[in-house]
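Below: one structure, written as structure tokens.
The values are calculated or read from the model by the stated rules, or taken from the named source; none is laboratory data. If you're wondering where the values come from, they're calculated on a predicted model, not measured in any experiment. Because the Cβ atoms are built from the backbone with ideal geometry, glycine has one as well, and the counts that use them run over all protein chains shown.
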Amino acid sequence: MKQNPCRYCALSTKTRYGHKPSHDNECVDCENLKKHVAYLDEHRKFIEGEPITDLTELLQQEWVMWYHQTKHIEVFKSMQIRIVLRWLERGAFRKAIRKESEEK
């Protein structure tokens, strides 16, 4: 996996989870960060599909996109129903569509 370009940058903000880009205009225009985000998007297994609007549709899925992250449905089956319903109202869930793998 390619390393985070903010790791050794003097403009980055250090959090307990690692180095994040700061909110300066220089970080927004950083070419290294843009290349890194494109690299990560290229290596994702799933892409976002249509929004999921009801609980039955959510439970039929095996993988879902939750706020741009891929999650297995078992994660949400173990949560309280009121929290999952609130996320459904907010439109937090989308169908996860598996990318076609290019086998050579």
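Taken over region 1-18, the residue count meeting the criterion of being loosely packed, with under 13 Cβ neighbours inside 10 Å and under 15 Å from residue 40 (Cα atoms) is 3.
One residue stands out among those in region 19-62 that are modelled with pLDDT of 85 or more and either on the phi > 0 side of the Ramachandran plot or part of a strand (DSSP E or B) (or both): the one that is surrounded by the fewest Cβ atoms within 10 Å (Cβ to Cβ), which is 50. Residues in region 19-51 that are farther than 26 Å from residue 94 by Cβ and free of Cβ contacts under 8 Å to residues at least 24 places away in the same chain: 19, 22, 23, 24, 25, 26, 27, 29, 31. Candidates in region 36-61 are the residues that are charged (D, E, K, R) and in contact with a strand residue (DSSP E or B) (Cβ under 7 Å, 6 or more places away or on another chain); of these, the one that is farthest from residue 7 (Cα to Cα) is 50.
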